[in-house]
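Engineer: Structure incoming, see below.
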Amino acid sequence: MTTSPTYQERVDRNDDRSAMHDAAYRARLRLADLEAKCAGGEARIRAAQSRLDALPGYERGWLLEVIALLALVSVVLEWYPARMMSLVFFFASAVELVALTAAFAVGGFLLGLLLGELLRRHRRPQAHDPLDWVFLTMAIVAVAAFLVVGYELRLGYARASIDAANSPMEPMVQAAALTTLAFIGIVIAFTSGYYRESVEALGTRRRLGSLHARLRADQHHLEATRSELAGAERACALLDGAVPLRQAQGDNALRQAQGDNARHVRGEVDGAAASANGVAGAAQA
């Protein structure tokens with residue numbers, strides 16, 4: 001026979017129902033907040049993408065991270081020719097030779113980058129002042145002078161370091177080879193400066209990337225909150241359905257007990273009546 005729940009069981013069940021309803025309510029609040037955040041993130045992404053697409057072509061060039069890598073390649077290409085060129089200064093100390101090598105290597109890269117930046121200004125649809133052409137001419141002359149002087153210094157080192165009569169390579173060829181390496185580095189620097197993206201494009205691109213990362217995190221939290229809310233709602237439905245079930249079970253148990261008592265009473269009445277009839281029959285005999 002099923003017994004009705006005790007007072008403590010009813011109290012515990014009501015506490016469980018209250019806790020699950022509170023959890024479901026809080027999950028709904030978080031779900032609404034995350035949906036609003038996701039919608040706002042998508043709107044900000046569309047705005048940032050529109051801003052990036054609205055930038056002119058000369059503003060959206062090579063990524064600055066790629067430019068930094070090309071700058072490293074350019075300096076490495078110029079390091080060995082600059083080292084050979086600095087050895088012309090025979091009486092320089094080791095520190096001075098390293099400083100000269102770094103100055104020549106980085107100087108060639110900076111000259112190429114400056115030339116690319118100056119020419120990049122002419123890609124823009126704007127009026128150019130005479131001073132722009134002056135700076136551009138000076139940069140071209142500086143690059144040419146850097147290559148010519150570098151060639152002469154390398155040629156002097158080649159003549160001083162080898163026996164020109166028995167050498168398999170002429171000093172001019174060796175100097176030209178080293179100068180060619182330096183020229184390649186300058187061309188890379190020039191191309192990087194000419195085709196690089198603007199700082200505004202870099203900021204917009206990074207902002208767009210951070211917005212995408214934040215939106216992915218919010219969407220992950222949104223899916224987790226939806227799963228949590230679905231579990232809380234199922235638990236609430238089970239707890240809410242358990243109360244009528246227990247009440248029905250208690251009513252059935254009460255009716256069953258009442259039926260058993262009625263049958264017991266009828267049995268006693270029938271037994272008493274049978275006893276009375278037996279006594280009456282004996283008296284008549």
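The values are calculated or read from the model by the stated rules, or taken from the named source; none is laboratory data. Treat the numbers as computed from the prediction; the structure is a model and nothing was measured. Here Cβ is always computed from backbone atoms with ideal geometry, including for glycine, and neighbour counts include all displayed protein chains.
Engineer: What's the total number of residues in the stretch 41-65 that are of a type outside the set (Asp, Glu) and either over 23 Å from HIS212 (Cβ atoms) or free of Cβ contacts under 8 Å to residues at least 24 places away in the same chain (or both)?
Structural biologist: Result for the stretch 41-65: 8.
Engineer: It is to be established whether one or more residues within the stretch 67-85 are touching a Lys or Arg at 6+ places or on another chain (Cβ under 6 Å), in a helix (DSSP H, G or I) and farther than 26 Å from ALA201 by Cα.
Structural biologist: The answer is yes; a qualifying residue exists.
Engineer: Also: Please go through (1) at pLDDT below 80; (2) of a type in the set (Val, Ile, Thr); (3) buried (at least 17 other Cβ atoms within 10 Å of the Cβ) for VAL173 and return the number of the only condition it doesn't satisfy.
Structural biologist: Of (1) at pLDDT below 80; (2) of a type in the set (Val, Ile, Thr); (3) buried (at least 17 other Cβ atoms within 10 Å of the Cβ), only one is false for VAL173: (3).
Engineer: Among the residues of the stretch 57-72, is any of a type in the set (Ser, Thr, Tyr) and over 33 Å from the mean Cα position of the chain (by Cα)?
Structural biologist: no
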